[in-house]
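Just below is one structure, and these are the notes that go with it.
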C-alpha cells in the first residue's frame, strides 16, 4: 500500500508573492484546476460553491496570509470534508508550489496515483499560465 501522503510540486519562475496572489483568488481556479474548468464559482459567505464531476462541492480557503499557505477544505456532495494542504514557497527569484495529496480511505494504489497525477497536471497548468 502506498504512503498516506504524497507531495507534488512544480517550480514556477515567477515571484512567490505574484504566484500566491493569483492562486489565492478563487475566481482563477477554473483556469488551472481541471475538475473546475468551465464551472463558475459562487461565493456564499466564507466559502465558494460550484459544480464538479462529483456534484455540488463547497470550498473553504485559508485566510490570506504572508506565509504562502493556500490550504483549502473541499466538502463533497456526501458531506465528507477533504483537507488539501497547498503552499507557495519562495525559491530565489521564483518559487515552488507544493500540494500534499492525501490518500483517502478505501482508495486503491491506482486511484491514489491518479489523484497525484491530476494534481501535477493542475500545477503544470498553473506554471504555464504564470510563466506565460
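So here's what we get for this one:
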{"quantity": "Candidate set from segment 29-55 (those that are in a loop (DSSP other than H, G, I, E, B) and surrounded by 13 or more Cβ atoms within 10 Å (Cβ to Cβ)); member that is modelled with the lowest pLDDT", "calculated": "39"}
{"quantity": "Filter pass, residue 19 being surrounded by 11 or more Cβ atoms within 10 Å (Cβ to Cβ) and either touching a residue at least 12 places away in the same chain (Cβ under 8 Å) or under 21 Å from residue 117 (Cα atoms) (or both)", "calculated": "yes"}
{"quantity": "Single residue of segment 105-126 satisfying the filter (out of contact with any helix residue (DSSP H, G or I) (no Cβ under 8 Å at 6 or more places or on another chain) and not in a helix (DSSP H, G or I)) that is surrounded by the most Cβ atoms within 10 Å (Cβ to Cβ)", "calculated": "108"}
{"quantity": "Failed criterion for residue 65 (all others in (1) out of contact with any helix residue (DSSP H, G or I) (no Cβ under 8 Å at 6 or more places or on another chain); (2) at pLDDT below 95; (3) under 14 Å from residue 21 (Cα atoms) hold)", "calculated": "(2)"}
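The values are calculated or read from the model by the stated rules, or taken from the named source; none is laboratory data. Since this is a predicted model, take the numbers as computed values, not measurements. Please note: Cβ atoms are built from the backbone with ideal geometry, for glycine as well, and neighbour counts cover all protein chains shown.
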